[in-house]
Amino acid sequence: MDGLGGALERAAADGDVVDGWLQGLAGNPALPVEALARLLEFDELPVPSEWLRHRTLDAAATELLVASPKIQHRLDVTENATADVDVLARLARDPEPRVRFVYAVMFFAYKRRVPAGVLEILADDPEPKIRRIVGGSGEPPVAVQEPAPVLTAEQRVAHPDRAVRLAAAADPEVPTALALRLAADPENDIRLAVSMREELTEGQRTEIPCTAWQHFWSPPSWIARHATDPEAARRIARSAHVGLRRVLAAQPHLAPDVVALLAADEDEWVRRTLAERCEDAPHELLVELYATVQDRYWSGYRHHRNFARPGLARLADDPNPRLRHAALDDPEAGPELVLRLADDPEVGGWAVSDPRLPAEELLRRLTLPAQASAAACNPALPVAVMHRLLDLGRAR
């Protein structure tokens, strides 16, 4: 490492290179806990403040952060979805109320497993807002209110309250003939709910004027029940009602021919919902959307389990930089492809952080200002080199 050491020392004269090393190490998934501990000693890091919330943490890294004297480190670890729940349980007794509060909030937000005794500790917390989170407020009960009067189906359909009519429109207990009165309701969402009732014919659905939104916050449950029945799912996939097709596309598993129907759907949001929500979405659709979608979700398609496939290397010379990036997801591609893309002005950063990059090239690129961060983020970077970068970062 003598020759490399000299090159790194010379490169460390450039503050941007050192900042790149620290930024890359903060995002390196293979950073050992000893190096993470050293990184946390820096008063300021050239990385986004939430970096600790997003990196993967094992039990040792979780323990390091839980024991940190810095409150912000303890706050960050509570919000990390990968943190070890048994180690995190120590934060139920943290001396800082903010830490205990965020821990309690995220405990339920992430639906974490409950270590023994944690709920009891939080329910007895001196802070009322923490006790309330776990249902142990210790406050007197609110006076019991009189139950709302039971309305007939007829009254619900004619009710002046929009929420009551909306619930009636989707309620299978409301007779179809009554529910269809709401097909002329002034509210689009109420007309939409009626149009998506299970018992309606295709003709009845198409006669109801309504707009289906891109996503449904409260989709009709009957579609999920039929999703595992291939024949019923085929009927829904061929429905003229785009809302039904979108809800079906959001089901986690569907028969192959149903997936094919939805993947070829003329509606963009049927195809996108299939790619975003269904685990059986086809590879070809995922690549197509990855290459063309213009909103912020475009990069998410690459993380679907069906995206990475042999053959993607053919896209290494495509004019679309997203597809050149996709070439790196070919599991059969070797170092030659990675090295070729490492000098690509638009996808080079991803290639330099790819562990298939030849070792000598990885080390050389640590000295290049434009690629120092990506090289330091590469999980194949030797641990000894990580510590050398930290030494030089501390010495500047």
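The values are calculated or read from the model by the stated rules, or taken from the named source; none is laboratory data. Remember, predicted model here, so these are calculated numbers, not experimental data. Using ideal geometry, Cβ is built from the backbone for each residue, glycine included, and neighbour counts are taken over all protein chains shown. In case anyone asks, the SASA skips ligands and DNA or RNA and just uses the protein heavy atoms, side chains included. Shrake-Rupley method; radii C 1.70, N 1.55, O 1.52, S 1.80 Å.
With every protein chain in place, what's the accessible area of ARG396 (1.4 Å probe, Å², nearest 10)?
Its heavy atoms expose roughly 140 Å² to the probe.
With a 1.4 Å probe and all protein chains in place, put CYS210, CYS278 in order of accessible area, largest first.
CYS210, CYS278
What does the helix-only formula give at 222 nm for the chain: each DSSP H stretch with n ≥ 4 adding -39500 (n - 2.57), the total divided by the residues, and the result rounded to the nearest 500 deg cm²/dmol?
Result for the chain, helices only: -13500 deg cm²/dmol.
Distance from a point 7 Å along Cα→Cβ of ALA240 to each backbone N in the range 177-204: keep the residues under 12 Å and list them by number.
201-204
Using 7 Å Cα-to-Cβ label points, what is the THR201/ALA184 separation (nm, one decimal)?
Here the answer is 2.0 nm between the modelled labels.
Can you pull out the GluC sites (Glu not before Pro) in the range 1-47 that DSSP calls coil and that have at most 15 other Cβ atoms within 10 Å?
Listed in order of number, the matching sites are GLU41, GLU44.
In Å and from the alpha-carbon atoms only, list the Rg and Dmax of the range 154-213.
Spelled out, the Cα radius of gyration and Dmax of the range 154-213 are 10.2, 29 Å.
Rounded to the nearest percent, how much of the accessible area of the range 255-395 (1.4 Å probe, protein heavy atoms only) is carbon and sulfur? Could you put the intermediate results ahead of the total?
Numbers: 3520 of 6530 Å².
Within the range 255-395, the accessible surface is 54 percent carbon and sulfur.
Could you work out how much longer the chain between ALA224 and THR82 gets when fully extended? Use 0.36 nm per residue separation minus the Cα distance between them, nm to one decimal.
48.2 nm
Provide Rg over Rh for the chain; use the alpha carbon set for both Rg and the Kirkwood Rh (inverse mean inverse pair distance).
Numbers: Rg = 27.7 Å, Rh = 25.7 Å.
Rounded to two decimals, Rg/Rh equals 1.08.
Among the trypsin sites (Lys or Arg not before Pro) in the range 190-254, which ones are in a DSSP loop with at most 14 other Cβ atoms within 10 Å of the Cβ? Mind listing them?
ARG238
What is the sum of charges around GLY300, taking Lys and Arg as +1, Asp and Glu as -1, for the other residues whose C-beta is under 13 Å from the C-beta of GLY300? Walk me through the numbers before you get to the answer.
Details: positive: ARG272, ARG277, ARG296, ARG302, ARG305, ARG322; negative: GLU276, ASP295.
Result for the local shell: +4.
Over the heavy atoms of THR292, what accessible area does a 1.4 Å probe trace out, to the nearest 10 Å²?
80 Å²
For a test of the definition: using alpha carbon positions, the gyration tensor, and the 1.5 limit on a/c, classify the range 307-396 as rounded, prolate or oblate.
In terms of gyration-tensor shape, prolate.
Of the chymotrypsin sites (Phe, Trp or Tyr not before Pro) in the range 204-309, which ones lie in a loop per DSSP and count no more than 14 other C-beta atoms within 10 Å?
Loop-located and lightly packed - TRP213, TRP217.
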